[in-house]
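Take a look at the structure set out below.
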Amino acid sequence: MSQPSSIQRRFPWHILFFLAPGLLIYVTFSVYPLLDTLWLGLFQEDATGQRFFAGISNYQTLLLDAAWSEPFWNALWNNTKFFIIHMLVQNPIGLFLAALLSSPRLRLSNTYRTLIFMPTMLSVVIIGFVWQLLLSPIWGISEGFLYSIGLGQYFDAWLGKESSSLITLALISVWQFVGIPMMLIYAAMLSIPDDLIDASVVDGSNAWQTFWNIKLPLILPTIGMVSILTFVANFNAFELVYAVKGALAGPNFSSDIMGTLFYRTFFGFQLQSGSITMGAAVATLMFLIILVGVMLYLFVVQRRMKRFQL
Amino acid sequence: MISLPGLKHNTGKTLMTHAVLLTYTVIALFPILVIIVNAFKSRKAIFKDPLALPTLDSFSLEGFEQVLGRADFGLYFGNSMIVTLVSLFFVLLLGAMAAWALTEYKFRGNLFLAVLIAMGIMIPIRLGTVSILNLMASLDLVNTLTALVLVYIAQGLPLAVFILSEFIRQVPKELKEAARCDNVSEYKIFFTIILPLIRPAMATVAVFTMIPIWNDLWFPLILAPGESTQTITLGVQQFIGQYVTDWNAVLSSLTLAIVPVLVLYVIFSRQLIRGLTSGAVK
Amino acid sequence: MADVKLSNIKKSYGNTPVLHGIDLDIKHGEFVVLVGASGCGKSTLLRLIAGLEDISSGELCIGEQQVNSLPPAQRGIAMVFQSYALYPHMTVFKNMSYGLKIAGKGKDFIDAKVREAARILHIDHLLERLPRELSGGQRQRVAIGRAIVRDPNVFLFDEPLSNLDAALRVKTRVEIGKLHQELGATIIYVTHDQVEAMTLGDKIVVMNQGRVEQCGTPLELYQHPATRFVGGFIGSPKMNFIDGKVAAIGSDHIEIQLSNGCRSRACVEAGDLKVGDSVTLGVRPEHIEERSDAGTLLSGDVSLVERLGEASFIYMTLGDGTEMVVRGSGESTVTTCERIEVSFAPHNAHVFDSNDRALRRLKPGNVHSTAQLAQLKAVGQETL
Ligand SMILES: Nc1ncnc2c1ncn2[C@@H]1O[C@H](COP(=O)(O)OP(=O)(O)OP(=O)(O)O)[C@@H](O)[C@H]1O
Ligand SMILES: [Mg+2]
């Protein structure tokens, strides 16, 4: 910025030194592959493995040919449900826990926080297996538990049923990741000055009114950010379904989401062999979905929710 | 006591708060504890009374013996360690260097590069997997840990640059200007003044970089599925896929994957949570 | 009527006592100023009165009612915070009307109330703005407006002016004084600022380490500080203290052998003092004169002279190293390093015993008091 002009006239080697290594790796292994994928989606391969330009025909197949479009729309719809469940369950619970944790002079607050956040640290794969075991009718631990609290008749092999496997998986994921909205919202709540809360108490509002009228509006930007993080993570999810239900996302693709569809398309499964170019096309569509979400957030949601200077 | 009514009211509320938080804590921990506890029981005891603690009678390490006999968990663990630490080192170093260059120097293309890197925070690198695999194949890096490290560096850099830039911007101008007046080189300013100053931010970045790498299944599965390069996450996944019906083995392998992480978590939870809740990540 | 009565109010945070039994009687319509060093518990006391903290023991009455366990909104109080604590996401109008809305008041009522308060405070034109679009002084007014609309019996102010610049602080201070007359409500006001305390308060309460050190009108505190702490706290520059021993006891005065070797006479009641007891002599800078014949003579080296125009503060060191300040005239020709002689009259001396309690003064400077107070205020404004 403020360097002597003698340095500025020479080639700025130091900038290159600082920037080049990181940038090189980032561009080679992130930017280029992404662009290359978008490009690859426009090609097809013939029987000999020869690639040729095919325009948008991959996308036509994917969106219009029943053999491809059915799984695609199924996965997209499932993924949307997956996201909606997170928004309706994970974020409200996170908000609720954060509100409790930020009660003034609460003892053990740190301990609760640390423990509740613990599952978030573990690998999704591990968590998937843990719940697979816990919900397994063979082991019967959940069934036994439900009987002990008088709800035994409601037990079912939830993960194995078409009607409930996706919801169950989503709830497992909610259980694991509730710590993230909790932490971020908690931090936002801590940054609200105490005086503001005191002022609203003096103004006569009870705890609920203070939360609703003062705290919530002030943490709205954080909730917006949590939502977009959830969106990106959900439409990029793969591990949980893969670990619990395999690449086929059974039963009968009822738990198929974009990540598993992408994996199957790319690597093939059972009778169908994998296709690099079709895989690239699916990835491109995922990219577009995420891009639209992020853009909506940046240009609509974030604009509306001004950050209030506290 | 005159103020008793008021106090009582508050005590009731506090009790409720504790009750709810405690309940949720149990919900969060119970499933994990059940797995760990049962890993130390004999097959019969696992099924007879899953919620009981292991007794002298039911205590058994057979699961662990099988796991350690059939799969090389030590190797997997070592692979994960190497990949995570090496990636972390480079993400921190290269990330700090890039953040410094982007915030400190004005040059053509500065803004473009900043935006390009910022995009990487939101757009998952996974979407480029098809080409990454091609690329690794042509570089002859498939089934090497190097492939994983390279991808993870690319994955971790954007957030690292973002967070570290925020911190570098807060370093007082006077420090740098004083050094420049003394004719200290730009390299020395960075390595001896800036790097030490942004150490706290590095801790935050480390947390955000490390966890996703350690827990990742996708890239190990695709880029390095070979027996000798499996990470712990992939190893456990493959192992359990193979021995689904062997409950002792499954429970033990899960325990082996969970416990080290939990131990590390308990040790570092303070820093980690401070990192998560610090203002740097908005 | 809303007298505020505190009886033996105590407060501890966990095992740390912060207030050790506060007794105060505040009459309806009185303007009471709480002063004291940082951390002495002023804000805590205010928050106890507001109901933002639980009282550990003791009794708090507002009006006829014991309010220990009433929530803040039902105590008939309103509070103005140092940080203003305006809700950042609400317009000025909404900020001011929030309390009324919570109380379930009608729309027309709220509208009328807010507009009236805004008119009084001259913020009518700002009602649709957000707090961040206001200047510091405007925010301050909104904060006061928010208190006014609730028609409280008692206003609580916690250092409301400390975030304003000097000029604005003086202006707002005057306005708060007017507002008090206009509203006729009881005001309890915490401040660090001498001049605010002296000019605004009907009564000043000096606190020290969780206790009330003294409570009285500004003049009482100025003329008859009950303890050495109050003597040093009220007045600017600070009262000078010189250690000494009682040398002789007369009927209307005592004589003190000062540590610098001088002997001084002070017009105070001896009480139980005996010859030889340790005492501290206190004398205000404005009562020391730049001549040698006013009474007790002190000589020392000038270490610094601050010239304010209408007065000069002369800092000098006595023979034994005691530091002193003298308020000399604006035309004083004294220069640094010069050796000078100054003196003060026996009836202007304060004497504190070894427990730092003041001895009763016999010939207080009543004759000059009003003029002196005016002078004090002038000095305060000058130093702002
Ligand atoms: N929530 C709390 N927990 C523990 N101690 C507290 C708490 N609030 C205040 N204190 C202690 O009580 C004492 C009095 O604090 P208080 O805020 O009333 O001081 P103050 O007179 O208002 O000071 P200042 O002039 O700096 O505002 C201080 O020693 C402070 O450390
Ligand atoms: Mg205070």
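The values are calculated or read from the model by the stated rules, or taken from the named source; none is laboratory data. Model, not experiment: these values are computed from the prediction. Cβ sites come from the backbone with ideal geometry, for glycine too, and all protein chains shown count toward neighbours. Surface accessibility is based on the protein's heavy atoms, side chains included, excluding ligands, DNA and RNA. Shrake-Rupley method; radii C 1.70, N 1.55, O 1.52, S 1.80 Å.
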_On a full-extension model of 0.36 nm per residue, what is the gain between residue B:139 and residue B:26, subtracting their alpha-carbon distance, rounded to one decimal in nm?_
35.8 nm
*Surface share of carbon and sulfur [accessible, 1.4 angstrom probe, percent] for the stretch C:209-296*: 45
*Under Stokes-Einstein, with the Kirkwood radius over Cα pairs standing in for Rh, what whole-number D in µm²/s applies to the stretch C:299-352 at 20 °C and 1.002 mPa s?*
183
*For the stretch A:16-149, divide the Cα radius of gyration by the Kirkwood radius and give the resulting Rg/Rh value with two decimals.*
1.14
_Using only the alpha-carbon atoms, how far is helix C:166-183 inclined from the longest principal axis of chain C? Give it as 0 to 90 degrees, nearest 10._
70
*Rounded to the nearest 10 degrees, what's the angle between the helix B:247-277 long axis and the longest principal axis of chain B, both from Cα atoms, 0 to 90?*
40
*asked:* Over all directions, how big on average is the projection of the convex hull of the alpha-carbon atoms in the stretch A:55-304, in square nanometres?
replied: 17.1
*Pop out the carbon and sulfur fraction of the accessible area of the stretch A:55-304 as a percent, whole number, probe 1.4 Å.*
67
*What accessible area per residue comes out for the stretch B:69-277, rounded to a whole number of Å², with a 1.4 Å probe?*
41
*Return the lysines within reach of residue B:176: Cα separation strictly under 20 angstrom, same-chain partners fewer than 8 residues apart disregarded; answer none if there are no such residues.*
B:106, B:188
*Per residue, what accessible area does chain C have, given a 1.4 Å probe and all protein chains present, in Å²?*
42
*asked:* List the pairs from C:113/C:178; B:13/C:113; C:42/C:171 whose alpha-carbon separation is above 29 Å, in the order I gave them.
replied: B:13/C:113
*If only Cα atoms are counted, what is the Rg of chain C, and what is its Dmax, in Å?*
24.0, 75
*asked:* Using the basic label-point model (7 angstrom from Cα toward the beta carbon), what is the residue A:56 to residue A:295 distance in nanometres?
replied: 1.5
*Between the stretch C:29-47 and the stretch A:91-107, what is the C-alpha centre distance in whole Å?*
33
_Give me the summed buried accessible area for the B-A pair, 1.4 Å probe, to the nearest 100 Å²._
8200
*Measure nothing fancy, just the Cα-based angle from helix B:4-39's long axis to the longest principal axis of chain B, in degrees from 0 to 90, nearest 10.*
80
*Check each residue of the stretch C:129-159 and keep those whose accessible area, probe 1.4 Å, is at least 10 Å² smaller with all protein chains in place than in the chain alone; give them in order of residue number.*
C:130, C:132, C:139, C:146, C:150
_Spherically averaged projected area in nm², based on the convex hull that wraps the Cα atoms of the stretch C:1-120_ = 9.2
*What percentage of all Cα-Cα pairs in the stretch B:133-282 are separated by more than 21 Å?*
62
*Over both sides of the A-C contact, add up the buried accessible area with a 1.4 Å probe and give it to the nearest 100 Å².*
2000
*How much net charge surrounds residue C:57 when only the other residues with a Cβ under 9 Å from the Cβ of residue C:57 are counted, with Lys and Arg +1 and Asp and Glu -1?*
+1
*Give the range of the longest stretch in chain C that excludes all GluC sites (Glu not before Pro) found in loop regions by DSSP and having at most 11 other beta-carbon atoms within 10 Å.*
C:129-330
*asked:* Once R0 is set to 45 Å, what does the formula 1/(1 + (r/R0)^6) return for the Cβ-Cβ distance between residue B:115 and residue A:88, expressed as a FRET efficiency to the nearest 0.05?
replied: 0.85
*What is the sum of charges around residue C:32, taking Lys and Arg as +1, Asp and Glu as -1, for the other residues whose C-beta is under 14 Å from the C-beta of residue C:32?*
-4
_Relative to 2.2 N^0.38 Å, what does the C-alpha radius of gyration of the stretch C:161-252 come to as a ratio? Two decimals please._
1.35
*asked:* Viscosity 0.692 mPa s, temperature 37 °C: what is the translational diffusion coefficient of the stretch B:127-171 from Stokes-Einstein with a Kirkwood Rh over Cα pairs, rounded to a whole number of µm²/s?
replied: 271
*Please report the base-10 log of the normalised intensity I(q)/I(0) for the stretch B:11-60, using a Debye sum with one equal scatterer per alpha carbon and no solvent, at each q in 0.20, 0.31 (1/Å).*
-0.66, -1.04
*Of the heavy-atom accessible surface of the stretch B:153-282 (probe 1.4 angstrom), what whole percent is carbon and sulfur?*
62
_Per-selection Rg to Rh, chain B - Cα, Kirkwood hydrodynamic radius_ = 1.09
_Between A:105, A:51, A:264, where does the largest GNM mean-square fluctuation fall for chain A, given springs only between Cα atoms within less than 10 Å?_
A:105
*Within straight cross-link reach of residue C:203, meaning Cα distance under 20 Å, which aspartates and glutamates are found once same-chain residues fewer than 8 apart are removed?*
C:3, C:23, C:25, C:30, C:158, C:159, C:175, C:182, C:193, C:213, C:220
*Which of the aspartates and glutamates could be linked to residue A:81 by a straight reach, that is with a Cα gap under 13 Å, when you skip same-chain ones fewer than 8 residues away?*
A:256
*asked:* Can you compute the helix-only [θ] at 222 nm over chain B? Use -39500 (n - 2.57) per DSSP H run of at least 4 residues, normalise by all residues, nearest 500 deg cm²/dmol.
replied: -24500 deg cm²/dmol
*Any idea what the alpha-carbon Rg over 2.2 N^0.38 Å comes to for the protein assembly as shown?*
1.24
_Rolling a 1.4 Å sphere over the protein heavy atoms, what is the accessible area per residue of chain A, to the nearest Å²?_
45
*What residues in the stretch C:38-52 lose 20 Å² or more of accessible surface when the other protein chains are added to their chain alone (1.4 Å probe)?*
C:47, C:52
*asked:* With the crude spin-label approximation of a point 7 Å out along Cα→Cβ, what separation in nm comes out for residue C:277 versus residue C:182?
replied: 5.2
*Between the stretch A:153-170 and the stretch C:54-122, what is the C-alpha centre distance in whole Å?*
52
_Alpha-carbon centroid distance for the pair the stretch C:130-204 / the stretch B:188-266, whole angstrom_ = 58
*asked:* At a cut-off of 50 Å², which residues of the stretch C:67-93 become less accessible once all protein chains are present than in their chain alone, using a 1.4 Å probe?
replied: C:69, C:81, C:87, C:88, C:89
*Starting from the Cα of residue C:209, move 7 Å in the Cα-to-Cβ direction to define the label point; list residues of the stretch C:1-42 whose amide nitrogen is under 19 Å from there.*
C:9-13, C:15-23, C:35-42
*Buried solvent-accessible surface, both chains (C, B), 1.4 Å probe, Å² to nearest 100*: 500
